[in-house]
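So the structure is just underneath, and the comments pick up after that.
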Amino acid sequence: MRVTPTSNAAAHTADCVIFGFADKELRVLLVRRAVEPFADEWVLPGGAMGSDETLEATARRVLLDMVGVKNIFLQQVATYSEPDRHPVRRVVTTSYYALVKPHQHTPVARGHASDASWHPVANVPPLGFDHHRILVDAHDRLTWHLRTRPLAFDLLPERFTLTEAQRLYEDIIGEPLDKRNFRRKIQNYDFLVETKEKRSGVKGGPLLYRIDRERFSAALSYPR
């Protein structure tokens, strides 16, 4: 969103923390601003709420514009309303996080963005506005949700091993997990389907699993 010193009314925006998993690490989608303030700096993608939109509709529009996805899990995180969070005028923002597969969605820079790309969460560049705080809060919320909800499976490839699933969880949570306890927990999920296939080129040929999408969607449908 572009704002000017002559703007009077406070604006309400939605900022999206779009997480993905690639090259064995959690990544986040960032855009490089082409206009002031913070021109040429990286920020989270976002947009101003339209007069006929809800905040969630605004966030979903951003997702569709940036990575071409819709009808995916979207979680509201927090609202940021500090009077000085925007250097030009009063802007209140509400943040959301979403999970997508980077290899399936090439980001597109639109509007006031000159570039859009995936960055490792563990090594993000300096971010404009208060977006580093928003990113940290969203990552903390995702980590908390993973302890009670099977969200991370949406980041795995179509066929995956249990070891790959555990590595994903460990990367997001930031701590090692006991192998036996992890497998005991996830093998209770009714959406986890053993394919009878094995990973080729890997010692021991570990079994591959897939997700039953209907059951997985049902597992995510209980209250947030």
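Annotations for the structure displayed:
- Residues (within 17 Å of Ile211 (Cβ to Cβ) and over 22 Å from the mean Cα position of the chain (by Cα)) located in the range 164-182: Phe182
- Among all positions in the range 14-31, there is no residue which is without any contact (Cβ under 8 Å) to a residue 12 or more places away in the chain and either among the small types (Gly, Ala, Ser) or not assigned by TED's automatic domain parsing to the domain that holds Asp137 (or both).
- All positions within the range 131-163 that are over 14 Å from the mean Cα position of the chain (by Cα) and of a type in the set (D, E, K, R): Arg133, Arg147, Arg149, Glu158, Arg159
- Wholly enclosed helices (runs of 4 or more DSSP H) of the range 116-196 bearing at least 3 residues modelled with pLDDT under 95 and in contact with a strand residue (DSSP E or B) (Cβ under 8 Å, 6 or more places away or on another chain): 162-173
- Residue count for the range 49-71, restricted to those that are of a type in the set (Val, Ile, Thr) and surrounded by fewer than 14 Cβ atoms within 10 Å (Cβ to Cβ): 1
- Phe216 being in contact with a helix residue (DSSP H, G or I) (Cβ under 6 Å, 6 or more places away or on another chain), over 30 Å from Asp84 (Cα atoms) and not small (Gly, Ala, Ser): no
- Boolean, Val28 is among the hydrophobic types (A, V, I, L, M, F, W, C) and outside any strand (DSSP E or B): no
The values are calculated or read from the model by the stated rules, or taken from the named source; none is laboratory data. If you're wondering where the values come from, they're calculated on a predicted model, not measured in any experiment. In this analysis, Cβ positions are derived from the backbone assuming ideal geometry, glycine residues included, and neighbour counts consider all displayed protein chains.
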